[in-house]
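Here is the structure we will look at, set down as structure tokens.
Please treat every number below as a calculation from the coordinates, not as lab data. The shown structure was predicted, so the numbers you read here are calculated from the model rather than taken from an experiment. Reconstructed Cβ throughout: ideal geometry from the backbone, glycine too, with neighbour counts over all protein chains shown.
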Amino acid sequence: MTGLQQFWDQGDAITRSVAVLLLAMSVSAWVLIFWKGWLLRRVRSDMARAVPAFWAAGNLEAARDQLLAFDRERALLPLLSAATAQPEALTLEAQGRRESQLTRRLRDSLNAVLTQLRFGQVLLASIGSTAPFIGLFGTVWGIYHALVSISTAGSITIERVSGPVGEALVMTAAGLAVAIPAVLAYNIFGKLVAACEAELEGFAHDLREMLSDHAPATVGAAPTPPQD
């Protein structure tokens, strides 16, 4: 702590700004890591229980109740709501085939759910890629600032050089300490989100097949007259 305090006291505005920025990035990364890890764990647990319960239900209303009970993070329920929604009359959507309507609504709903699950990935990637360079910049600036201070003192010895330079290298270590957890978390969360995406796509595909088989081919179309 004494070395860090001395480094802080001897640093200028740029050195302190870099240190504060790295601290803010570290806090943001760890808050996001804990929150996103908790969220994805709940989503995977919910899907493991909700999907079998949905397909084991006797009818669509009972299946919706099962999703309401198990889908705490609302990852599956938006897909069911989109699949069972009815388009407004006299719109282009209502004039399309039933299969096309289902595909469009399920695709839009799936994209919205995946956007929610991917929240924070860009921040983790940005922290992981920029933190080492920010720390390196702090080191270079700290060494420059230390050498300028030593040169103005008039006498240069190894003790006067090694101390400030060694303290400046702490910024590089700090940048790596911030970046490594962010990069690891980004890779792990990317794998978990991909697994959730596969489950959601399978559920959406099964919903589309089920509702397409139990619905007319077109909505609002006039019946075809019998052929003579």
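Quick one: in segment 168-215, which of the residues that are among the small types (Gly, Ala, Ser) and surrounded by fewer than 17 Cβ atoms within 10 Å (Cβ to Cβ) is nearest to GLY135 (Cα to Cα)? The extreme case among them is ALA173.
Each row is one residue, and each column tells you yes or no for (1) in contact (Cβ under 8 Å) with a residue 40 or more places away in the chain; (2) assigned to a helix (DSSP H, G or I).
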position: LYS36; (1), (2): yes, yes
position: ARG42; (1), (2): no, yes
position: ASP46; (1), (2): no, yes
position: ARG49; (1), (2): no, yes
position: GLU61; (1), (2): no, yes
position: ARG64; (1), (2): no, yes
position: LEU67; (1), (2): no, yes
position: ALA75; (1), (2): yes, no
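Taking the criterion of being of a type in the set (Gly, Ala, Ser) and touching a Pro at 6+ places or on another chain (Cβ under 9 Å), the residues of segment 20-46 that qualify are SER26, ALA29.
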